[in-house]
Amino acid sequence: MSRMKHLLKSLFLLLLLCLTSANLLLADELGEAEQALNTGDYALALGTFQKLAAAGEPGAMVGLGRMYQDGLGVPKDRPTAIEWFSKAVMIWNERAKQDDPKAYASLGVLFNKGIGFKKDTERAQRYFRTAFDLAQPKALQGDADAQHLIGMLYSSGKGVNKDVFAGADWLAKAGEGGNEVAIKMLIHIFECGCRGLPKDEARTEYWRAKLVALKP
């Protein structure tokens, strides 16, 4: 996998994980589109991204930008790619003005990776730090979505000193609060032994049971 594809895949992962539990259907659709893109089903990816982008979803706009930037199922067209990336940033900027920590985190990813724009790690860190500062009070008050974001920031060392144990603890708090995306992340972490933590079959099964219990 090329460096750019790896960076774009990392972006998609964080964008999906920043979605709240109230947006799980959207997360599923974005995930399916990303999977289609990775497996070469460009027609499905394009159609799904276009539908979600038309509904105003910035994550889907990034997906379209990726397709046009790399010429995946569409003619390679960097100006069109930049246009889609810019639209996503505009939406996130508007949400950031409303003190949405997830919007700040998403902007941080774009500028940290230099996707569609010149890489600016200092600017990215400011976005991540703001995301952390906005999410922390809500997380301490028991907001599962904020706890999930805090967990992701600690786990990745974005906007705060990296602490994989604190990250897992906050993800666990979010999972206990019913955040399905956090639960899926915990299953992934303990199943593969990644993000600096060892494999843990007991925890994997615990969170799988939690996930099943959430289903109607």
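Pick out, from segment 72-140, the helices (runs of 4 or more DSSP H) lying fully within it that include 3 or more residues that are over 18 Å from GLN50 (Cβ atoms) and open to solvent by 70 Å² or more (accessible area, probe 1.4 Å). Spell out how you get there, then give the answer.
Details: elements: 78-97, 101-113, 121-140.
Passing ranges, in order: 78-97, 121-140.
Six or more apart or on different chains, Cβ atoms under 8 Å: show the pairs whose first residue is in segment 167-186 and buried (at least 24 other Cβ atoms within 10 Å of the Cβ) and whose second is in a helix (DSSP H, G or I) and of a type in the set (D, E, K, R).
ALA174/ASP145; GLY175/LYS210; ASN179/ASP145; ILE183/LYS210; LEU186/ARG203
Quick one: what pairs do we get from segment 79-90, first residue β-branched (Val, Ile, Thr), second in a helix (DSSP H, G or I) and open to solvent by 20 Å² or more (accessible area, probe 1.4 Å), C-beta under 7 Å, 6+ apart or different chains?
Close Cβ pairs satisfying both conditions: THR80/TYR68.
Between a residue in segment 41-70 that is closer than 16 Å to GLY31 by Cβ and at pLDDT below 90 and any residue that is of a type in the set (D, E, K, R) and open to solvent by 20 Å² or more (accessible area, probe 1.4 Å), which pairs come within a Cβ distance under 6 Å, given they are 6 or more apart or on different chains?
Close Cβ pairs satisfying both conditions: none exist.
Within segment 206-216, work out how many residues are surrounded by fewer than 19 Cβ atoms within 10 Å (Cβ to Cβ) and touching a helix residue (DSSP H, G or I) at 6+ places or on another chain (Cβ under 9 Å). Let's see the steps before the verdict.
Initially, segment 206-216 is screened for residues surrounded by fewer than 19 Cβ atoms within 10 Å (Cβ to Cβ), giving 206, 208-216.
Applying the additional criterion that residues be touching a helix residue (DSSP H, G or I) at 6+ places or on another chain (Cβ under 9 Å) yields 206, 208, 210-211, 214.
Looking only at that region, the number is 5.
Answer with yes or no whether ALA202 is surrounded by fewer than 18 Cβ atoms within 10 Å (Cβ to Cβ) and at pLDDT 95 or above.
On the way: surrounded by fewer than 18 Cβ atoms within 10 Å (Cβ to Cβ): yes; at pLDDT 95 or above: yes.
Yes.
Tally up the residues in segment 33-58 that are of a type outside the set (S, T, N, Q) and closer than 18 Å to MET185 by Cβ, please. Give the derivation first.
First, pick out the residues of segment 33-58 that are of a type outside the set (S, T, N, Q): 33-34, 36-37, 40-47, 49, 51-58.
From what is left, the residues that are closer than 18 Å to MET185 by Cβ are 34.
Residues meeting the conditions: 1.
The values are calculated or read from the model by the stated rules, or taken from the named source; none is laboratory data. Quick caveat: nothing in here was measured; it's all calculated off a predicted structure. FYI the Cβ positions are ideal-geometry reconstructions off the backbone, even for glycines, and counts take in every protein chain you see. Accessible surface is based on the protein model in full, side chains and every heavy atom, while ligands, DNA and RNA are left aside. Shrake-Rupley method; radii C 1.70, N 1.55, O 1.52, S 1.80 Å.
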